[in-house]
Structure formats: structure tokens, C-alpha cells
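Data block below; observations after.
The values are calculated or read from the model by the stated rules, or taken from the named source; none is laboratory data. For clarity, every value in this text was computed on a predicted model and none was experimentally measured. We place every Cβ from the backbone using ideal geometry, glycine too, and count neighbours over all the protein chains shown. The protein model used for the area step is the full one, side chains on, heavy atoms only, and it has no ligands, DNA or RNA in it. Shrake-Rupley method; radii C 1.70, N 1.55, O 1.52, S 1.80 Å.
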Amino acid sequence: MKGISLFSSAGIDEYYLNQIGFDIVVANELIKKRGDLYSFLYPKCNMIIGDINSDKVFNQLKVHANKHKIDFIIATPPCQGVSLAGKNKNNNQMIKDDRNYLIFKAIELIKIVKPKFILIENVVRFNKLFLPYKGTLSSVFDILTKEFPSYSVDMHEFDASDYSIPQKRKRIIYRIYDKSISWQLPK
């Protein structure tokens, strides 16, 4: 399967996928140092370093996506705008943080690429974020459900310690997939 990684950092999400033969053909990271490390770890991937809000960067992602039949997109928007460890302690503060709107760039690319599978990962509080959407404040889950009516949209909270990782690390995972396909939860 061929995929795209958005907000990829150094590519931790891709480690296992790479090991089992999945091919991330294009990735995007804002911070050059992280993007360079990603390129070192995954030299076959086209790493596009820069702000996804930039037309130049977004268009490069579209061009590379069009060169390949993309099966999946992984998006891990920055969590600093919603993390309890950050400065934003309530929704009014969170909706003023530009990083929290990056999910809309991921949605825009997903609509263009139309992959069969999308995985969006973030801290648990990401689903407690309510963003302005079509005249109302809506949760990320509700936005995804409304933006992708031809897909199944599932959301689950996971703790890495339940999967043989030696730390408690809770995350929200959104699985968005073509309704004709089954995508089961891990055991």
C-alpha cells in the first residue's frame, strides 16, 4: 500500500508500517531538523519540508500524491494547541491557536486524494476541541463525520501500555475508511 504522512515529524508512526512493506511516498513536516531526520530514516520518501498552509507546499503534496495511487493518509496534527501541558486551558484559548486548524488542511488533502484509509492521531484532548465549523462549534469527530459522508468514521481512545509499550500514553485515533471496507480494531 502507498501512503502520505502529514505532520510527520521524524516518522515514528511510519516505523512499523515501513517494516511490513507499506510505502510512504510523500511526507510533510514543518520543522527542517525533523524533516531531515525523516529523510535520513526513509530515503525513498519524498519529504516536503514547510508549512502545509503554504500554497507551494500544499501543491507539492498534491503533485506527489497524483503520481501514485495513494491508499492511505496518516495525519498527526501538532498536539501543543490542545495538550494540557500547553498554555491553552479551555476551548476559548484553544480556538485562538492556529495549530488547531491544521486538521482542515488534512481534510482538504483527503478530499483531493480520496484514499481508502485515513488514520488521524492525537492526544485525547483533541476530541474535546470544538472548532468553528459551518456557523457552529463542532468537535473534530463531528467535523470528520460531516466532511466524509461516504466513509465510516470511528474514534477510539487507546493507551500505548495496552500494546506492550512500557509507558502510559493515551491517544485518540480516528479511523476513516471507505464504507465498502472493514477495518477492525487491534486486539
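Please give the charge dipole size of the chain, origin at the Cα centre, charges +1 on K and R Cβ atoms and -1 on D and E Cβ atoms. Round to the nearest 20 debye.
180 debye
Among Tyr133, Ser182, Ile110, which residue has its Cα furthest toward the positive end of the charge dipole of the stretch 74-187, with +1 on Lys/Arg Cβ and -1 on Asp/Glu Cβ?
Highest projection toward the positive end goes to Tyr133.
Work the Kirkwood hydrodynamic radius out for the stretch 11-157: mean of 1/r over every pair of different alpha-carbon atoms, inverted, in Å.
Averaging 1/r across every pair of different Cα atoms and inverting gives 16.3 Å.
Pull out the extension gain between Leu84 and Thr136, defined as 0.36 nm times the separation in residues minus the alpha carbon to alpha carbon distance; nm, one decimal.
Fully extending the segment from Leu84 to Thr136 adds 16.3 nm.
Using a cut-off of 9 Å between beta-carbons, work out the net charge of the residues near Arg171 (Lys and Arg +1, Asp and Glu -1, Arg171 not included).
Around Arg171, the charge tally is -1.
How large is the charge dipole for the stretch 1-101, taken about the Cα centre, if only the Cβ atoms of Lys, Arg (+1) and Asp, Glu (-1) carry charge, to the nearest 20 debye?
With only Lys, Arg, Asp and Glu charged at Cβ, the dipole is about 140 debye.
Quote to one decimal, in nm, the extra length available between Gln19 and Asp162 on full extension: 0.36 nm per residue of separation minus the C-alpha distance between them. Kindly include the intermediate steps, with their values, before the conclusion.
Details: separation 143, 0.36 × 143 = 51.48 nm, distance 2.11 nm.
Full extension from Gln19 to Asp162 adds 49.4 nm.
With the full set of protein chains in place, find how many percent of the accessible area of the stretch 1-136 is carbon and sulfur; take the probe as 1.4 Å.
Values: 4050 of 7160 Å².
Ligands and nucleic acids excluded, carbon and sulfur reach 57 percent.
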